[in-house]
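Presented below is the structure to which this report refers.
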Amino acid sequence: MKKFLYYLPRVITILIVAFFAIFILEGFSPEFSPADSLMHFLLTLAVLAAAIIAWKWPKIGGWLFLFLGLKFLLMLSWNGLIVGGAPFIAGVLFLIERFEKK
């Protein structure tokens, strides 16, 4: 169970980064400008930075993912349940992992 609790938030963060990275390709469509692609790239970099921090320091990363999840949930309301729910769950799991180590 400890290995599962260790790997689950890390897998979730990889999936979150991959999900946001897919939207970078949206900027190559004629309906969207390159600025849209740049904004998605910056969002992906921010989530990737949070993931790297969370892997190294689970307590800080857990709080970062909680903040990101709440921000997405509040910004997107009901539409943000999936987009904001995954980072929120990852943050909770990182914090649980950190407090179980003590």
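Each value in this text was obtained by applying a stated rule to the coordinates, not by laboratory testing. Note that the structure is predicted; figures quoted are calculated from it, not measured. Please note: Cβ atoms are built from the backbone with ideal geometry, for glycine as well, and neighbour counts cover all protein chains shown.
Our estimate of slack between Phe99 and Glu31, defined as 0.36 nm per intervening residue step minus the Cα-Cα distance, is 19.8 nm. Of the GluC sites (Glu not before Pro) found in the range 10-102, the ones in coil according to DSSP and having at most 15 other Cβ atoms within 10 Å of their Cβ are Glu31.
Annotation: peptides 86-95, 4-13, ranked by per-residue average of other Cβ atoms within 10 Å with the highest first, follow the order 86-95, 4-13. Positive end of the dipole of the chain (Cβ unit charges, origin at the Cα centre): among Val11, Phe99, Pro34, the Cα lying farthest that way belongs to Phe99.
For the chain, the spread of Cα coordinates along the three principal axes comes to 52, 25, 20 Å, biggest extent given first.
For the chain, the residue among Ile82, Leu43, Trp57 whose Cα projects farthest onto the positive side of the dipole built from Cβ charges is Trp57. Close Lys pairs in the chain, defined as Cα atoms under 18 Å apart and 8 or more places apart or on different chains, number 12. So, counting K/R as plus one and D/E as minus one, what does the shell of residues with Cβ under 14 Å around Ile89 add up to? Charge balance near Ile89 sits at 0.
Magnitude of the charge dipole for the range 13-102, about its Cα centre and with charges confined to Cβ atoms of Lys, Arg (+1) and Asp, Glu (-1), is about 560 debye. Close amide H partners of Phe32, meaning residues 5 or more places away or on another chain with modelled amide H under 5 Å apart, do not exist here.
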